[in-house]
1. Using a basic spin-label model with each label point 7 Å from the Cα along Cα→Cβ, how many nm lie between K161 and S102?
2. Please identify which residues in segment 93-127 have an amide N closer than 11 Å to a label point set 7 Å out from the Cα of K19, following the Cα→Cβ vector.
3. Just to confirm a number: summing +1 for Lys and Arg and -1 for Asp and Glu over residues other than K158 whose beta-carbon lies under 11 angstrom from that of K158, what do you get?
4. How charged is the neighbourhood of L133? Take every other residue with its Cβ under 11 Å from the Cβ of L133, and add Lys/Arg as +1 and Asp/Glu as -1.
5. Determine, from the Cβ-Cβ distance of K137 and M1 and an R0 of 22 Å, the FRET efficiency 1/(1 + (r/R0)^6), rounded to the nearest 0.05.
6. Sum up the charges of everything whose Cβ sits under 9 Å from the Cβ of F6, counting Lys and Arg as +1 and Asp and Glu as -1, but leave F6 out.
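Throughout, read-outs are computed from the coordinates displayed, never taken from laboratory work. Everything numeric in this text was worked out from a predicted model, so none of it was measured. With ideal geometry, Cβ positions are generated from the backbone for all residues, glycine too; neighbour counts draw on all protein chains shown.
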Amino acid sequence: MDRKTFQNKCRKITKELIKKSFPELKKKRVLVFVPLFFRKAYSGLALWIPPFPRMLFLNKERSTESDSFLRGLLSHELGHQSLHFMRGLKKSIILASLYWLSKKVRRKEEDEANKLIIRRGYARDIYATTKRLEKIKTCGGIQKYYMSSEEIKSYAKKIGKW
Ligand SMILES: [Zn+2]
């Protein structure tokens, strides 16, 4: 699948996810891009820098992954946008800065994004995404910032969302 086709696919999935499960983002503009270059370890990125619209960036190297993987990845990035929305701009800016400075803040932010989408019914998708990323060597260095597939499963079971 070429980059443009993958970008269109991601846009379509994102639109469906927002419609179904992210009501707070329905009236917001969320743009989805698959850029030419992306850092190897990363699969996606959620950005909100006003006055620009909310944006998601996806790594084109994930274009061969399953639909469930992509739903997990895109719902995770939308989870970040929902957290931004609920916090408002000031808090989001402070947290975005701390995200890159503090390992603890970063881990907590990633946990919150995953827990939000698990509560909204995407446990099996983010499980599939995480399970796969745990196997991709180039992603190994950043996995410590994320819930493991087993942590996802046990959290989902605990709250009755598995
Ligand atoms: Zn994230």
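1. Taking the two extended label points, one gets 2.4 nm.
2. Correct set: none at all.
3. Net charge around K158: +3.
4. That sum, taken over residues with Cβ under 11 Å, equals +3.
5. 0.50
6. It works out to a net charge of +4.
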